[in-house]
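> One structure, as structure tokens, below. Some questions next.
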There are 2 protein chains.
Amino acid sequence: MSEVHAVRRTRLRDRGAAAGSAASLVSRPANVRYLAGGAPPGAVLLVGPEEDVLLSPFPLTGDPAHGRTDERLRVAVLSAGGGDAVVAAADFAAKAGADSLAVEEHHLTVARHRAMASVAPRLRLADLGTAVEQQRVVKDEEEIACLRIAAEIADQALGELLESILVGRTERHLALELERRLVDHGADGPAFATSVATGPHSGRGGHRPTDRRVEEGDFLSVCLGANYRGYRCEIGRTFVIGTTPADWQIELYDLVFAAQRAGREALVPGAACRDVDRAARQVLEAAGHGEALAPLTGHGVGLEIQEDPQIAPGAMGKLDACVPVTVEPGVHLPGRGGVRIDDTLVVRQEADGGPELLTITTKELLAL
Amino acid sequence: MSEVHAVRRTRLRDRGAAAGSAASLVSRPANVRYLAGGAPPGAVLLVGPEEDVLLSPFPLTGDPAHGRTDERLRVAVLSAGGGDAVVAAADFAAKAGADSLAVEEHHLTVARHRAMASVAPRLRLADLGTAVEQQRVVKDEEEIACLRIAAEIADQALGELLESILVGRTERHLALELERRLVDHGADGPAFATSVATGPHSGRGGHRPTDRRVEEGDFLSVCLGANYRGYRCEIGRTFVIGTTPADWQIELYDLVFAAQRAGREALVPGAACRDVDRAARQVLEAAGHGEALAPLTGHGVGLEIQEDPQIAPGAMGKLDACVPVTVEPGVHLPGRGGVRIDDTLVVRQEADGGPELLTITTKELLAL
């Protein structure tokens, strides 16, 4: 594993050198973890021409999420009360003779940036931009293996829930139950706050569970994901509670299913992200649901549950092979409810069998 | 309720006017919630001389955490894809004729700050600093009532856990069980990630639950809290598992208990925060545990689980009445475990009965 992180840092170092900054300071936690193999709270990573230093306010523990480092990485623990790690890093870089330092301006606050400038006035602070985020877009097979396990765990948790009695239970309790099952099956935790939406709430993206209870005839939308070794997947399904779905429910379900399938089928290396969005969105627009649609049809997943690329109308860029993304269109009818279907897939060459579906729970309309 | 938020904004407006900025932009979510009564994700609050505007990327829902606003507050929903709310706010302030705008430099990123300057080049961006955080330190009785309920919920969840069989269960499962019980008793969720630490892990602040199982003879440290209407409390207790505690366990427990009591008794209006820290810390130092102590003995709680004031050796400032704080000293002996005792209390005048203990679970050493 540790080799992997050293190679990632070398790529960043080469890019920094090309952009004119000898040293880079990585402060966004997911980026620190990507490059160092672990990120204790508040730790930052200085990638320099000579050596790489993880500056941490805390000693590293045996916890693999914190302590995994490699031979080429030095760990410097800040003294107690030693203050902000980015300020210590600026001081360190200046003393090591760096004349410029590229920082993550989209993550650093104005106040911390000022404090860096004040402790190292001769150090020119440049912008690293989203260089690390861009490096994170295409995953290696080890990362994809973690996502695959995360998806399996989510499938298992969801599958068990479907076998239990649902009517009468609240959204909040179902969400907690799902999160417990994720951990039971080996997740480090939920990938994000589990969403359970019943009846009129169903189909709403990011719905926060309430005390509403599941009733006969409801749509039930569930969206959950597991965090496995830092990698986060996402699955969303919609079910009908009770005997037979109503006609409007079947119709709406078939529509969202068709949109989601169109999105999935558009996932090929080289496809423009906006075209994938368009493939799914136009199915729903043609049926008159254009106005209320969410701004995104999907997004990348990895060390964060929402990362690049965006699958959206205004998205620039194209898909590459080995990029895991969600496809998650939904329709919500105010007062009635709706449908949301969400998969995590990995973009693959057609010769390799096309998009790899990680979340394999059935997408038939189940009546529970 | 809504009057309260309008009054809070008036205080901020008066302060801004005194500091030379007619308009202030509040972006930190807990600050937005404090001043507007609700904070949809990504929403920011513009407090201007003429009117106050909550700029939100999403329409407000019926959810009280999102939707509660008052008559003097206008809500402006950004158009889909309308971008960052702080940038929209800068544009809005400039068009409304403001010449300067105070922003939260400790929260805004460098990139967002630049984007504001670029959309409104004639608007002078000043620093609001932690003005809103300072306003939040002293709580009103309605806020304290929420904290009191949050503490009751945490006490109930903890009490129920103590009645169940513990040996053989993992830290992770006990933590999830506690979180489920918090919600059962009416919490909106846990106030922070519940910590359960067994055996050699016990007594470590902020320990993240692992798969280690509770064993006979273990110390068991638990730290949890409820979020009730946005207000967050904290309680931590340490127990012994099995029949009779060992001598070293009784000794260590009595020591930490004495330190925690000394800290609690030092909570009087007008006391320097560092003196409260000192009262607890010197008990542990005198027993030879000085080096491994956590940097903080306690901290304020409210809309965030860690807010001002800090109870720490280097803390400036004094306590006021109606400031809720934690007192949470602990000792961890590497390889053996330790003890941590944590209460949430409200500073009160002695005439009013002295510090009000919100978390009332017993602090006797229970053998479970």
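Laboratory data are not the source of any read-out in this text; all were calculated from the coordinates shown. Here the structure is a predicted model, which means the values were calculated and not measured. Cβ atoms come from the backbone with ideal geometry, glycine included; neighbour counts cover every protein chain shown.
> If you build a Gaussian network model of chain A, linking Cα atoms that sit under 10 Å apart, which residue out of A:Ala312, A:Ala96, A:Ala294 swings the most?
Result: A:Ala96 has the largest fluctuation of those listed.
> The stretch A:236-368: percent of C-alpha pairs farther apart than 21 Å?
Details: 3430 of 8778 pairs.
It works out to 39 percent of all Cα pairs.
> Which values, in whole Å and largest first, are the semi-axes of the equivalent ellipsoid of the protein assembly as shown obtained as the square root of 5 times each eigenvalue of the Cα gyration tensor?
Working: eigenvalues 304, 210, 176 Å².
They are 39, 32, 30 Å, listed from largest to smallest.
> So which lysines pass the test for A:Lys318, namely a Cα distance under 28 Å, with those fewer than 8 places away in the same chain ruled out?
A:Lys139, A:Lys363
> Along Cα-to-Cβ, 7 Å out, sits the label point; list in nm, shortest first, how far the one on B:Gln135 is from those in the other copies.
Once sorted, the set of distances for B:Gln135 reads 4.2 nm.
> In Å, what Kirkwood hydrodynamic radius results for the stretch B:149-215 from the alpha-carbon pair distances?
On the way: mean 1/r = 0.0821 Å⁻¹.
Result for the stretch B:149-215, one decimal place: 12.2 Å.
> Does anyone have the angle between helix A:2-19 and the longest principal axis of chain A? Alpha-carbon axes, 0 to 90°, nearest 10?
Once rounded, the angle reads 70 degrees.
> Please compute, for the alpha-carbon atoms of the stretch A:248-313, the extent along each of the three principal axes and give them in descending order in Å.
Dimensions of the stretch A:248-313 along the principal axes of its Cα atoms: 38, 23, 20 Å.
> What average number of partner chain Cβ atoms lie no more than 10 Å from the Cβ of the residues making up B:318-327? Present the calculation step by step, with values, prior to reporting the outcome.
Working: counts 0, 0, 0, 0, 0, 0, 0, 0, 0, 0.
Neighbouring Cβ atoms belonging to other protein chains average 0 per residue here.
> Another question, if that's okay. Using the Karplus curve 6.51 cos²θ - 1.76 cosθ + 1.60 with θ = phi - 60°, what ³J(HN,Hα) values do you get for each residue of the stretch B:45-58, in whole Hz, with x for Gly and Pro?
Karplus values, whole Hz, x for Gly and Pro: 10, 9, 9, x, x, 9, 8, 10, 10, 8, 9, 10, x, 10.
> Suppose the Debye formula is applied to equal point scatterers at every Cα of the stretch A:307-368; what is log10 I(q)/I(0) at q = 0.23, 0.30 Å⁻¹?
Calculated log10 I(q)/I(0) at the listed q: -1.06, -1.28.
> Translational diffusion coefficient, Stokes-Einstein: compute it for the stretch A:141-357 using the Kirkwood radius over C-alpha pairs as Rh, at 4 °C and 1.567 mPa s, and state it as an integer in µm² s⁻¹.
Numbers: Rh = 17.3 Å.
D = 75 µm²/s.
> Treating chain A as a set of equal point scatterers at the Cα positions, no solvent, please give the Debye-formula log₁₀ I(q)/I(0) at q = 0.11, 0.14 Å⁻¹.
-0.80, -1.11
> How long is the stretch B:176-259 along each principal axis, judged by its Cα atoms, biggest number first, in Å?
The Cα atoms of the stretch B:176-259 stretch 43, 30, 20 Å along the principal axes, largest first.
> What size of dipole, in debye to the nearest 20, comes out for the stretch B:208-310 about its Cα centre when the only charges are +1 on Lys and Arg C-beta atoms and -1 on Asp and Glu C-beta atoms?
Values: 11 positive and 16 negative charges, 72 e Å.
Dipole magnitude for the stretch B:208-310 comes out near 340 debye.
> Further, regarding this structure: May I ask for the angle, rounded to the nearest 10°, between helix B:171-184 and the longest principal axis of chain B, with both axes built from Cα atoms and the value confined to 0 to 90°?
Tilt of helix B:171-184: around 60 degrees.
> Same structure, new question: How many Cβ atoms of partner chains, on average, are near each residue of B:114-121 if near means within 10 Å of its Cβ?
Numbers: counts 4, 1, 0, 0, 0, 0, 0, 0.
Mean partner shielding for this stretch: 1.
> Report the relative contact order of the stretch A:2-135, percent, no decimals, based on alpha-carbon pairs under 8 angstrom and at least 6 residues apart.
Working: 249 pairs, mean separation 32.4, N = 134.
The value is 24 percent.
> What are the ³J(HN,Hα) couplings of the stretch B:261-275, residue after residue, when phi is run through the Karplus curve with 6.51, -1.76, 1.60 and θ = phi - 60°? Round to Hz, x for glycine and proline.
Each residue's phi maps through the Karplus curve to give 5, 4, x, 4, 5, 7, 7, 10, x, x, 5, 5, 4, 5, 6 Hz.
> Using +1 on the beta carbon of Lys and Arg, -1 on that of Asp and Glu, and nothing else charged, what's the dipole of the stretch B:2-135 about the Cα centre, debye to 20? Display every interim value, and only then the final one.
On the way: 15 positive and 15 negative charges, 25 e Å.
For this selection, approximately 120 debye.
> Which value, in debye to the nearest 20, describes the size of the charge dipole of the protein assembly as shown about its Cα centre when Lys and Arg Cβ atoms bear +1, Asp and Glu Cβ atoms bear -1, and nothing else is charged?
Values: 78 positive and 104 negative charges, 321 e Å.
With Lys and Arg at +1 and Asp and Glu at -1, about 1540 debye.
> Order of B:Thr109, A:Thr10, B:Thr297, B:Thr344 from fewest to most other C-beta atoms within 10 Å? Write down the numbers at each step before the final one.
Numbers: B:Thr109 19, A:Thr10 13, B:Thr297 31, B:Thr344 28.
Ordered from fewest to most neighbouring Cβ atoms within 10 Å, B:Thr109, A:Thr10, B:Thr297, B:Thr344 come out as A:Thr10, B:Thr109, B:Thr344, B:Thr297.
> Tell me which residues come under 5 Å, amide H to amide H, from B:Ala271 once H is placed; ignore anything under 5 positions away on its chain.
Excluding prolines and chain starts, which carry no amide H, the hits are B:Leu319.
> Fewest to most neighbouring Cβ within 10 Å: what's the order for B:Arg213, B:Arg208? Don't skip to the end; give the middle numbers.
On the way: B:Arg213 17, B:Arg208 20.
With the sparsest Cβ surroundings first, the list reads B:Arg213, B:Arg208.
> If I build a Gaussian network model for chain A, linking alpha-carbon pairs within less than 10 angstrom, which residue out of A:Leu333, A:Leu162, A:Leu12 has the largest mean-square fluctuation?
Comparing A:Leu333, A:Leu162, A:Leu12 in the GNM, the peak value goes to A:Leu162.
> Shifting gears a bit: Considering amide H positions built from the backbone, and no H for Pro or chain starts, which residues 5 or more places from A:Arg204, or on another chain, come under 5 Å of its amide H?
none
> For B:Phe192, B:Phe58, A:Phe92, what's the fewest-to-most ordering of other Cβ within 10 Å of each Cβ? Provide the component values of the computation, followed by the final result.
On the way: B:Phe192 17, B:Phe58 14, A:Phe92 21.
Ascending Cβ contact count within 10 Å gives the list B:Phe58, B:Phe192, A:Phe92.
> Next question. Only Cα pairs under 8 Å and at least 6 apart count here; give the relative contact order of chain A as a rounded whole percent.
14 percent
> Relative contact order (percent) for the stretch B:98-244, with alpha-carbon contacts under 8 angstrom and 6 or more residues of separation? Each step should come with its number before you reach the end.
On the way: 244 pairs, mean separation 31.4, N = 147.
Relative contact order, the stretch B:98-244: 21 percent.
> To the nearest 10 degrees, how steep is helix B:85-95 against the longest Cα principal axis of chain B, on a 0 to 90 scale?
That works out to roughly 30 degrees.
> Measuring from a point 7 Å out along Cα→Cβ, what nm distances, shortest first, does B:Gly159 have to its partners in the other copies?
Here B:Gly159 shows inter-copy label distances of 4.2 nm.
> Separate question: If you add up the charges near B:Val119, with Lys and Arg at +1 and Asp and Glu at -1, over every other residue whose beta carbon is less than 12 angstrom from its beta carbon, what do you get?
+2
> At 0.692 mPa s and 37 °C, plugging the Kirkwood radius over alpha-carbon pairs of the stretch A:2-135 into Stokes-Einstein gives what diffusion coefficient in µm²/s? Intermediate results must be reported in sequence, preceding the final value.
Details: Rh = 14.4 Å.
D = 227 µm²/s.
> Of the candidates B:Arg114, B:Arg204, B:Arg278, which one comes out as most mobile in a Gaussian network treatment of chain B with C-alpha springs shorter than 10 Å?
B:Arg114
> Can you run phi through the Karplus equation (6.51, -1.76, 1.60; θ = phi - 60°) for the stretch B:300-313 and list ³J(HN,Hα) in whole Hz, with x for Gly and Pro?
So the Karplus estimates, Gly and Pro as x, are x, 9, x, 5, 10, 6, 10, 9, 5, x, 8, 9, 8, x Hz.
> Averaged over A:172-185, how many beta carbons belonging to a partner chain fall within 10 Å of each residue's beta carbon?
Working: counts 6, 3, 0, 2, 9, 2, 0, 3, 6, 1, 1, 7, 3, 0.
Rounded to a whole number, the mean comes out at 3.
> So if I take the alpha carbon set of the stretch A:96-227, get Rg, then get Rh from the Kirkwood formula, what is the Rg over Rh ratio? Please list the in-between numbers first.
Working: Rg = 22.1 Å, Rh = 18.2 Å.
Computed over Cα atoms, the ratio is 1.21.
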